[in-house]
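Novice: One structure, as structure tokens, below. Some questions next.
The values are calculated or read from the model by the stated rules, or taken from the named source; none is laboratory data. Source: prediction; values computed, not measured. When we count neighbours, we look across all protein chains shown, and the Cβ atoms used for this are built from the backbone with ideal geometry, even at glycine. Side chains included, ligands, DNA and RNA excluded: accessible areas come from the protein's heavy atoms. Shrake-Rupley method; radii C 1.70, N 1.55, O 1.52, S 1.80 Å.
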Amino acid sequence: MIVIVDYGMGNLRSVEKAFERCGFPVRVTDSPGEVVCAEKLVLPGVGAFRDAMDGLRLRGLIEPVTQGIRSGKPFLGICLGLQLLFSKGYEDGEHEGLNIIPGRVVRFSFPEDKTNGKLKIPHMGWNQIGFRKEGIPVLNNVPNNAYMYFVHSYYVCPDNEGVIATETEYGVRFTSMIWHKNIFATQFHPEKSQEYGLAILKNFGNM
């Protein structure tokens, strides 16, 4: 069973519906016990880093999620669910993350003379993902430079560049997906990215 972790934030229903469309049974839950028993874990999310960590903490979900990841269960993080994997986030101060992937989560910042004021924050809409690795399991049948749908003001900076699976250009070249062992996490929203986004969810479900 694929379990979607409900910590009080995020587009849970759209992620659930996308997996169902791909033919997979899913359960949305905030129960630590159900998270522990999951075969695969999905951590979605839209919103503020600190609020998300508070939501996980208040529901007793931090240990079940981290335990599930470290046990080797397939894990998919989406948008804020990617960012929470990192050591620290810098939205309205400095806040501790799950520290599964060493690194930081920082805000876009564009010098006016570099972008002519054309780039807005948040980064919202369709953009391309460029592969940094070959043989990424969840990107089977997804071409290099495919367009995916983004909505975010912050992006991740891994300490170890070896975890970077794809990158995207938006004023800077930023990490748009990571892959480390059983961990797959995207800054973009596969559930909103039509054919190729659904291919990612299908590949994950079939793992």
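Novice: Fully extended, how many nm does the chain gain between Cys157 and Val172 (0.36 nm per residue separation, minus their Cα-Cα distance)?
Specialist: Details: separation 15, 0.36 × 15 = 5.40 nm, distance 1.17 nm.
Result for the pair: 4.2 nm of gain on full extension.
Novice: Kindly sort Arg57, Arg70 by accessible area of their heavy atoms, largest first, with the probe set to 1.4 Å.
Specialist: Solvent-accessible surface, decreasing: Arg70, Arg57.
Novice: Which net charge results when you count Lys and Arg as +1 and Asp and Glu as -1 among the other residues whose beta-carbon is under 13 Å from that of Leu56?
Specialist: With Lys, Arg at +1 and Asp, Glu at -1, the neighbours total -3.
Novice: Among DSSP beta bridges lying fully in the chain, give the percent that are antiparallel, nearest 5.
Specialist: About 60 percent, rounded to the nearest 5.
Novice: Divide by every residue of the chain the summed helix terms, -39500 (n - 2.57) for each DSSP H run of at least 4, and state the resulting mean residue ellipticity at 222 nm, rounded to the nearest 500 deg cm²/dmol.
Specialist: -7000 deg cm²/dmol
Novice: Let me ask something else. Net charge near Met148, counting Lys/Arg +1 and Asp/Glu -1 over other residues with Cβ under 14 Å of its Cβ?
Specialist: Local net charge: -3.
Novice: What does the charge dipole of segment 86-193 about its Cα centre add up to, to the nearest 20 debye, if the Cβ of each Lys and Arg holds +1 and the Cβ of each Asp and Glu holds -1?
Specialist: Charge dipole, segment 86-193, about its Cα centre: 220 debye, nearest 20.
Novice: Among Val172, Asn99, Pro111, pick out the residue whose Cα is farthest towards the positive end of the charge dipole of the chain, where Lys and Arg carry +1 and Asp and Glu carry -1 on C-beta, about the Cα centre.
Specialist: The listed residue farthest towards the positive side: Val172.
Novice: Lysines within cross-link reach of Lys202: Cα-Cα under 23 Å, excluding same-chain residues under 8 positions apart?
Specialist: Reachable lysines: Lys17, Lys40, Lys73, Lys133, Lys181, Lys192.
Novice: Which loop chymotrypsin sites (Phe, Trp or Tyr not before Pro) in segment 140-206, with loop taken from DSSP, have no more than 13 other Cβ atoms within 10 angstrom of their Cβ?
Specialist: Numbers: sites: Tyr147, Tyr149, Phe150, Tyr154, Tyr155, Tyr170, Phe174, Trp179, Phe184, Phe188, Tyr196, Phe204; in loops: Phe188.
When the chymotrypsin sites (Phe, Trp or Tyr not before Pro) of segment 140-206 are filtered for loop state and at most 13 Cβ neighbours within 10 Å, nothing remains.
Novice: Moving to a separate point now. At a 1.4 Å probe radius, which order do Lys192, Lys73, Lys181, Lys17 fall into by accessible area, largest first?
Specialist: Lys181, Lys17, Lys192, Lys73
Novice: How about segment 127-207: which GluC sites (Glu not before Pro) there lie in a loop by DSSP and see at most 16 other Cβ atoms within 10 Å? Show your work: numbers first, answer last.
Specialist: On the way: sites: Glu134, Glu161, Glu167, Glu169, Glu191, Glu195; in loops: Glu134.
In loop regions of segment 127-207 (DSSP not H, G, I, E or B), the sparsely surrounded GluC sites (Glu not before Pro) are Glu134.
Novice: Could you tell me which helices of the chain pass both thresholds, a Cα extent of 27 Å or more along their own axis and a mean Kyte-Doolittle hydropathy of at least 1.0, with helices taken as whole DSSP H runs?
Specialist: Membrane-span-like by this rule: not one helix.
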